[in-house]
Amino acid sequence: MGARTFIVVGGTSGLGQEVARRLVAEDQVVIFGDVASEVAATADDLGCTGIACDISLYPEVRDAFAEVVQRHGGIDGVADCASMWGGGDLAELSPERIRRVVEVNALGTTYVLREALHHLHRQGFGNVVYVGALAVTKPRPGIPLYRATKSYGNSLVESLAEAQHSNRIKVMQLHPGPMPTRLQERVGDRFLDEVYALPEQVAAEVVRLLRLAPDALYVSGEQVLRADGRW
């Protein structure tokens with residue numbers, strides 16, 4: 001199919017960085033991240049393009065997607081790997097922390113999916129892969145805010161997938177179990193969970209979904225769970 005263009009949102013560390021690393025060997029990759037210095041360093045390391053973008057701000061998301069389309073002519077797929085950790089008892093979380101988690105995990109996801117689908121519909125094909133969390137499958141008392149915001153993303157993706165009415169535009173999601181990434185470290189929390197999967201294992205599945213051809217027989221709405229070391 002030749003080189004394609006993929007956007008990896010949250011591509012400066014963890015799972016997103018591993019997804020980008022696996023894509024750059026064959027395709028054009030653009031990573032989004034909210035810390036300009038990290039975006040520049042990661043893009044230089046991987047040999048790809050980086051755009052500083054706070055996904056909780058719609059104008060930045062809109063302009064970042066428009067820049068990719070202008071530079072590369074189109075978008076073949078978008079991996080939404082961005083997330084902010086919101087673990088802990090709700091009573092112990094500051095209002096500022098609560099607001100930021102909701103802004104990134106709910107508003108940010110909404111803005112990314114809005115712009116991704118806008119451009120994919122204009123060209124008539126493309127794939128979106130939203131990275132949720134295995135936590136949405138059952139209540140987790142220790143992470144009510146994080147689980148709630150990831151459940152929002154799960155519900156949004158399910159509805160958008162159902163609304164596509166065409167296999168040429170696929171909206172899919174993957175729910176990995178706890179991975180040893182910087183998700184908790186970034187906000188000063190310790191990693192307390194059992195490790196279910198490594199970023200490189202999960203990234204392989206994200207890349208597989210991103211690279212599905214428009215006529216591939218996987219339908220929009222595919223959901224993949226990661227548990228006990230198996231898909």
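Looking at region 20-66 only, could you name the residues that are acidic (Asp, Glu) and more than 18 Å from residue 113 (Cβ to Cβ)? Matches in region 20-66: 26, 27, 38, 44, 45.
I'm checking my understanding of the structure. Among residues of region 125-137 that are open to solvent by less than 30 Å² (accessible area, probe 1.4 Å) and farther than 19 Å from residue 207 by Cα, which one is modelled with the lowest pLDDT? Here the residue is 135. Of the helices (runs of 4 or more DSSP H) that lie entirely inside region 1-119, those containing 1 or more residues that are over 23 Å from residue 170 (Cβ atoms) and open to solvent by 50 Å² or more (accessible area, probe 1.4 Å) span 36-46, 58-72, 95-102.
Restricting the search to region 143-173, which residues are open to solvent by 30 Å² or more (accessible area, probe 1.4 Å), of a type in the set (Lys, Arg) and within 21 Å of residue 216 (Cα to Cα)? Across region 143-173, the qualifying residue is only 168.
Sub-7 Å Cβ pairs linking a first residue in region 196-211 that is within 16 Å of residue 178 (Cα to Cα) to a second residue that is in a loop (DSSP other than H, G, I, E, B) and aromatic (Phe, Trp, Tyr), at least 6 apart or interchain, are 205/231, ordered by first then second residue.
The residues on offer are 140, 208, and the sole one that is at pLDDT below 90, at negative phi and surrounded by fewer than 21 Cβ atoms within 10 Å (Cβ to Cβ) is 140.
Give all pairs with beta carbons closer than 7 Å in which a residue from region 45-66 that is touching a residue at least 24 places away in the same chain (Cβ under 8 Å) meets a residue that is among the hydrophobic types (A, V, I, L, M, F, W, C) and open to solvent by 20 Å² or more (accessible area, probe 1.4 Å); count only pairs at least 6 apart in sequence or on separate chains. Pairs that qualify, where the first residue is touching a residue at least 24 places away in the same chain (Cβ under 8 Å) and the partner is among the hydrophobic types (A, V, I, L, M, F, W, C) and open to solvent by 20 Å² or more (accessible area, probe 1.4 Å), are 46/24; 48/24; 50/40; 56/107.
The values are calculated or read from the model by the stated rules, or taken from the named source; none is laboratory data. Just so it is clear, the model here is predicted, and its values are computed rather than measured. Here the Cβ is made from the backbone with ideal geometry for all residues, glycine too, and neighbour counts use every protein chain on show. Accessible surface areas use protein heavy atoms only, side chains included; no ligands, DNA or RNA. Shrake-Rupley method; radii C 1.70, N 1.55, O 1.52, S 1.80 Å.
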